[in-house]
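Working notes, beginning with the structure itself.
The values are calculated or read from the model by the stated rules, or taken from the named source; none is laboratory data. Note that the structure is predicted; figures quoted are calculated from it, not measured. Counting neighbours? That spans all protein chains shown, and the Cβs are built from the backbone with ideal geometry, glycine included.
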């Protein structure tokens, strides 16, 4: 199997280029550095637009301990939790 690895903290234009160019030749996407990304919206948008399947996520440097399979429900929950945390932090005096 061949997987495309995309960094969650890279510029969206770079991920867009790789994902749209290479997505058809791969069996899925591995999203790395989710622990370093401010939000996951851009990377998820890129993957959704390319109709690729997210196979694994990494959220740290301890591989394989920080390598995770994730369901769509868990992914949405993670995005919403990050959004809530960001809104809370920005609204504090």
Exercise. When region 63-73 is examined, which residues are found to be at pLDDT 80 or above and loosely packed, with under 12 Cβ neighbours inside 10 Å?
Worked result: 63, 64, 65, 69, 71, 73
Seminar exercise, completed: Log entry, pairs with first residue in region 1-17 being farther than 10 Å from residue 32 by Cα, second being exposed (fewer than 12 other Cβ atoms within 10 Å of the Cβ), beta carbons closer than 7 Å, six or more apart or on different chains, reads 1/27; 2/25; 2/27; 3/27
For this session: Assess whether residue 76 counts as being in contact with a strand residue (DSSP E or B) (Cβ under 8 Å, 6 or more places away or on another chain) and not in a loop (DSSP other than H, G, I, E, B).
Result: no
Seminar exercise, completed: Filtering region 53-73 down to residues that are assigned to a loop (DSSP other than H, G, I, E, B) and either more than 10 Å from the chain's Cα centre (by Cα) or under 17 Å from residue 2 (Cα atoms) (or both) yields 53, 60, 61, 62, 63, 64, 65, 66, 69, 70, 71
